[in-house]
Each structure stands twice: as structure tokens, then as C-alpha cells.
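Data first, discussion second: the structure below is written as C-alpha cells.
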Amino acid sequence: MSVIARPTTRPRTTSPTTSPLGTARRLAADDTLWRPHLDFDPVSRYYRRLIAGGDHEAWLLTWLPGQGTPWHDHGGSAGAFVVLQGALVERTARHGVVRGTRRIHARGASHAFGPDYVHRVTNEGTDPAVSLHVYAPRLAVMTDYEDRDGVLEAIATRTAAQW
């Protein structure tokens, strides 16, 4: 099952300066913040922390075709991302089980998620992609998972010192 995620306007429950989604949208709109840091790594996706505030952080990620993340969580942090260029494909899991949803986030799309979210993001297209991610609170740990016949098994936990 595929779902194409397009930019939408949704009612806000928090201020755009305090929610990860509002912060991601605000930062994405200021290309002087992120454009000078664009870089692409031919071996793996490139990432650079742009902001490390007391209660949140923002990261710029670039993705060449075929690059992606493993299945992972965000260690209890909520988050959001905005696709600045290209498109990204996201697959999600719930309660350790891979779900059938395949969501395509096109340029301009934004997506927010809660602290228990587990997903995998990949550039399955033919063009480079760029995205901006915000996490609150700041990431302290992330757990990577392996898909074993539709059930995720934790294989590694990384701390902030490792990225």
C-alpha cells in the first residue's frame, strides 16, 4: 500500500515555535540556515546538526538515490521533518510489527511523529533528496532494528556521542 504525502494545512495544537513540526517548517523556510551546509556523501546519507537548543535540535540530511536509514526509533523524542528537495519513502512499524504503509513524502511535505515512533526512510527515487528534521527533546539515544519476517528485533542502541 502506498500513500503520497503532500503539504497540508492542519489545525495546530501548539505554537509553531514550540512544536517539532512548527520549528521544522520555520527553519525549512529560511534557506540561508541550511543551504550553505548542503553536501552529499556517495557512501551513506549525509547529516549535519544545525541547531542544538536546550529542548530541541535540528538536523539537515541529504540522500542520494538508494540511501536510507535502518529501522530506528528516536529514544523517546518526538520529531518532525520537512522534505526540501526530491522525495523520500517512509515505512512505519507499530508495536514491533512492520505495517504495510508506504508513504511517499514529496518536496514540501512535512510529517510529525510522537516519541514511540519507529520507521525507516529511504530515497527510492532517481534524484538527490534533502530534508530537515527537528527532535524534542534532543536525541540522546536511538535504537536500530532488523526486520525479521515483519517483526522488528532491536540490534543496536546508539548514543548521541556516536553520531
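Every number in this text was worked out from the coordinates using simple rules, so none of it is lab data. Remember, predicted model here, so these are calculated numbers, not experimental data. Cβ atoms come from the backbone with ideal geometry, glycine included; neighbour counts cover every protein chain shown.
Can you tell me the order of 147-158, 24-35, 77-88 when each peptide is scored by its average per-residue count of other Cβ atoms within 10 angstrom, highest first? It would help to have the intermediate numbers written out before the result.
Numbers: 147-158: 12.5, 24-35: 15.2, 77-88: 21.3.
Sorting 147-158, 24-35, 77-88 by mean packing, highest first, produces 77-88, 24-35, 147-158.
When only Cα pairs under 8 Å and 6 or more residues apart are kept, what is the percent relative contact order across region 64-163?
Over region 64-163, the number comes to 38 percent.
Over the chain, with a Gaussian network built from C-alpha contacts below 10 Å, which listed residue (Val134, Val98, Val118) shows the highest mean-square fluctuation?
Checking each option, the largest mean-square fluctuation is seen for Val98.
Given axes a ≥ b ≥ c from the Cα gyration tensor, I'd like to know whether region 77-163 is rounded (a/c under 1.5), prolate (a/b larger than b/c) or oblate.
Oblate, since a/c reaches 1.5 and b/c is not below a/b.
Estimate the FRET efficiency between Thr101 and Arg48 by the formula 1/(1 + (r/R0)^6), using the beta-carbon distance for r and 30 Å for R0, to the nearest 0.05.
Between Thr101 and Arg48 the formula returns 0.55.
Using the Cα atoms as the points, what is the convex hull volume per residue of the chain in Å³? Could the numbers behind the result be given before it?
Values: hull volume 19.2 nm³, N = 163.
Once divided by residue count, the hull of the chain is 118 Å³.
Summing -39500 (n - 2.57) over the DSSP H runs of n ≥ 4 in the chain and dividing by its residue number, what mean residue ellipticity at 222 nm do you reach, to the nearest 500 deg cm²/dmol?
On the way: 2 runs with 14 residues, N = 163.
Theoretical 222 nm ellipticity from helices: -2000 deg cm²/dmol.
Most fluctuating residue of Pro42, Pro128, Pro137 in a GNM of the chain with Cα springs under 10 Å: which is it?
Maximum fluctuation in the GNM of the chain, among the listed residues, is at Pro42.
For region 102-153, what Kirkwood radius comes out of the mean inverse Cα-Cα distance, in Å?
That comes to 13.7 Å for region 102-153.
Taking a label point 7 Å from the Cα of Asp149 along the Cα→Cβ vector, which residues of region 84-109 have an amide N closer than 20 Å to it?
Within reach of a label on Asp149, which here means backbone N under 20 Å from a point 7 Å along Cα→Cβ, region 84-109 contributes 93-100.
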